[in-house]
Amino acid sequence: MAHRLLILGTGNIAQRHAQNFAAIPTTTVVAAVDSVPGRATAFAAKYAIPHAFESLEAALAWGEFDAAVNATPDPIHLPTTLQLIAAGKHVFCEKPLAVNHIDAQAMTEAAERSGLINMVNLTYRNAHALQHARHLIESGEIGDIRHVEASYLQSWLTANHWGDWHTEERWLWRLSSAHGSMGVLGDVGIHIVDFTTFGTGLDISALSARLHTFDKAPGNRIGPYTLDANDSCIMTVEFTNGALGTIHMSRFATGHANDLNLTIHGTTGALKIWADANASTLDACLGPDIHTQIWHRLACPPTPGNADRFATALTTNTNGDPTFRRAAGIQQILDLCLVSNTEARRVTLA
């Protein structure tokens, strides 16, 4: 029997969830919820979902589902996820898990106490190149890691490939802290920090960060939106094995639509990973090639996506990765970036 899923929040990302879970034989989407009148009904009709509700409370009163995909706006993750956990529902939450580490930790502890499946949709875990690079590193192919370079580059503040941010609410809210945005740090920083630490298999032990918000409109305001969220971030980091690295991200990276890059330099080899939302590549400099700096493109076997891993976790009743605890740990790093920037100092992780 297929596990019954509810999709909470029917915005842009929810459409991908509806498509992904509909394609998995062990899951069936049975309901949609959205607080905006009419949106859940329209979404349910579009994806042949039998039930629609305008509040989570109404859906919980109905109760005929096993798990929920939480695709609500970032500040809503905490209260809605805690409600779902209290009702005994497994949760697949959009990133970031919460808007700060304290809230993310509270969600993690509640989920772990309940014994429920808890996972976060850090989408770039789906990159086959990232997964294969991690396998090569664990196999000892590049020796001991000594230096890391990572970036997440977007250009939607200088290009119109995703629409006009000056007029579209779905972009304007990402520029306003009053509307729940942590800026580029919260929006894509969580991805590139996960991408880097998962890809290398290393944790960050210390960091320094510099954030900047650029002038984008008269008075940095458009309608109800104060454009005060950070646009660019540069981090220097030290990993637990002593390796050093840089991680940077920007929405002003003209010429880049949505590019993640990770280069990992080891004592006996190096790897270069590129990914976007749809594809990824892996280049390697290994063996004798390290003496001539020759790189080769490697074939990467396909790996399950996050939706597939969540479905497997439901079937096996064994939590999958990335977990709430993993996402909470990354949120701690992002929070410390804000501390480092404000206090102009290096910070260490406890």
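From the list T197, T158, the one residue that fits, being on the phi < 0 side of the Ramachandran plot, of a type in the set (S, T, N, Q) and in a helix (DSSP H, G or I), is T197. When the residues of segment 142-157 are narrowed to those that are under 11 Å from F252 (Cα atoms) and among the polar types (S, T, N, Q), which ends up surrounded by the fewest Cβ atoms within 10 Å (Cβ to Cβ)? Among those residues, the one meeting the criterion is S155.
Let's see how each residue does on (1) outside any helix (DSSP H, G or I); (2) among the β-branched types (V, I, T):
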| residue | (1), (2) |
| --- | --- |
| T41 | no, yes |
| A45 | no, no |
| A58 | no, no |
| A61 | no, no |
| Q83 | no, no |
| V91 | yes, yes |
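Quick grid of which residues meet (1) in contact with a strand residue (DSSP E or B) (Cβ under 7 Å, 6 or more places away or on another chain); (2) in a strand (DSSP E or B); (3) modelled with pLDDT of 95 or more; (4) charged (D, E, K, R):
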site	(1), (2), (3), (4)
I273	yes, yes, yes, no
I290	yes, no, yes, no
Q293	yes, no, yes, no
A299	no, no, yes, no
T303	no, no, no, no
F310	yes, no, yes, no
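Just wondering, is there one or more residues in segment 205-227 that are modelled with pLDDT of 95 or more and farther than 29 Å from W173 by Cα? Checking segment 205-227: at least one residue is modelled with pLDDT of 95 or more and farther than 29 Å from W173 by Cα.
Within segment 72-95, which residues are farther than 17 Å from S35 by Cα and either modelled with pLDDT under 95 or of a type in the set (S, T, N, Q) (or both)? Talk me through it step by step, then tell me what you get.
Just the residues of segment 72-95 that are farther than 17 Å from S35 by Cα, to begin with: 82, 85-95.
Scanning segment 72-95 gives a single hit, K95.
Within segment 206-225, being under 26 Å from the mean Cα position of the chain (by Cα), surrounded by fewer than 15 Cβ atoms within 10 Å (Cβ to Cβ) and part of a strand (DSSP E or B) holds for one residue alone: H212.
For segment 1-31: of the residues being over 26 Å from T316 (Cβ atoms) and outside any loop (DSSP other than H, G, I, E, B), which is modelled with the highest pLDDT?
Filtering segment 1-31 down to residues over 26 Å from T316 (Cβ atoms) leaves 9-12, 15.
Subset that is outside any loop (DSSP other than H, G, I, E, B): 12, 15.
Working: N12: 87, Q15: 96.
Per the criteria, the residue is Q15.
Being over 25 Å from T348 (Cβ atoms) and without any contact (Cβ under 8 Å) to a residue 60 or more places away in the chain is the requirement here; does N126 meet it? So N126 does not fit the description; no.
Taking A67 as the residue in question, decide whether it is under 21 Å from A307 (Cβ atoms), surrounded by 15 or more Cβ atoms within 10 Å (Cβ to Cβ), of a type in the set (A, V, I, L, M) and not assigned by TED's automatic domain parsing to the domain that holds D187. Break it down into steps so the answer makes sense when it comes.
Values: under 21 Å from A307 (Cβ atoms): yes; surrounded by 15 or more Cβ atoms within 10 Å (Cβ to Cβ): yes; of a type in the set (A, V, I, L, M): yes; not assigned by TED's automatic domain parsing to the domain that holds D187: yes.
So A67 passes the test.
Within segment 312-350, the set of residues being in contact (Cβ under 8 Å) with a residue 40 or more places away in the chain, closer than 19 Å to D194 by Cα and outside any helix (DSSP H, G or I) comprises N319, G320, D321, P322, T323, V347, T348, L349.
The values are calculated or read from the model by the stated rules, or taken from the named source; none is laboratory data. Values in this document were obtained by computation on a predicted structure and should not be read as measured data. With ideal geometry, Cβ positions are generated from the backbone for all residues, glycine too; neighbour counts draw on all protein chains shown.
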